[in-house]
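Inspection log for the structure reproduced underneath, given as structure tokens.
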């Protein structure tokens with residue numbers, strides 16, 4: 001698999017997906033909507049957990065695009081839960097040789113909110129060996145970022 005877009009929005013065809021379409025224009029990619037997966041929170045041992053399925057798709061991808069709406073001044077809960085679940089079952093550097101792009105959009109976010117989200121994604125990429133390629137928060141930034149694909 002080449003490109004995997006992980007949509008952290010409950011709106012499958014919302015603004016986050018539109019930003020991915022702009023970034024990945026004319027590229028073939030698979031979309032994984034986190035709203036379609038049951039990912040238990042860190043520490044939960046409940047039946048039906050699908051974290052392993054999502055992780056397998058990430059390991060199969062060469063490029064990963066994680067998209068999140070900006071909720072409560074931060075990443076969506078779905079994206080935060082996915083990142084939290086890496087702690088423990090995933091070794092540092094395990095996703096090496098992959099590129100990570102980040103899409104983060106919301107209504108009138110403040111600079112510190114965007115900086116905090118980007119810091120989290122840079123740190124996540126670094127821990128698991130991915131090359132962080134950058135963040136887009138609107139269509140014009142996504143178009144510019146697409147040049148790195």
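See the values below:
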{"quantity": "Near pairs, Cβ below 6 angstrom, 6+ apart or cross-chain, from region 59-85 (farther than 19 Å from residue 39 by Cα) to any residue that is at pLDDT 95 or above and in a loop (DSSP other than H, G, I, E, B)", "calculated": "62/2"}
{"quantity": "Tally of residues being over 18 Å from residue 121 (Cβ atoms) and within 15 Å of the chain's Cα centre (by Cα) across region 37-52", "calculated": "2"}
{"quantity": "Single residue of 128, 132 found to be under 16 Å from the mean Cα position of the chain (by Cα), in contact (Cβ under 8 Å) with a residue 24 or more places away in the chain, closer than 21 Å to residue 23 by Cα and surrounded by 13 or more Cβ atoms within 10 Å (Cβ to Cβ)", "calculated": "132"}
{"quantity": "Residue match in region 124-145 (condition: assigned to a loop (DSSP other than H, G, I, E, B), within 24 Å of residue 10 (Cα to Cα) and out of contact with any helix residue (DSSP H, G or I) (no Cβ under 9 Å at 6 or more places or on another chain))", "calculated": "no"}
{"quantity": "Checking residue 93 against (1) buried (at least 16 other Cβ atoms within 10 Å of the Cβ); (2) closer than 22 Å to residue 59 by Cα; (3) touching a residue at least 12 places away in the same chain (Cβ under 8 Å), the condition it does not meet", "calculated": "(1)"}
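The values are calculated or read from the model by the stated rules, or taken from the named source; none is laboratory data. If you're wondering where the values come from, they're calculated on a predicted model, not measured in any experiment. Note that we place each Cβ from the backbone using ideal geometry, even for glycine, and neighbour counts take in every protein chain shown.
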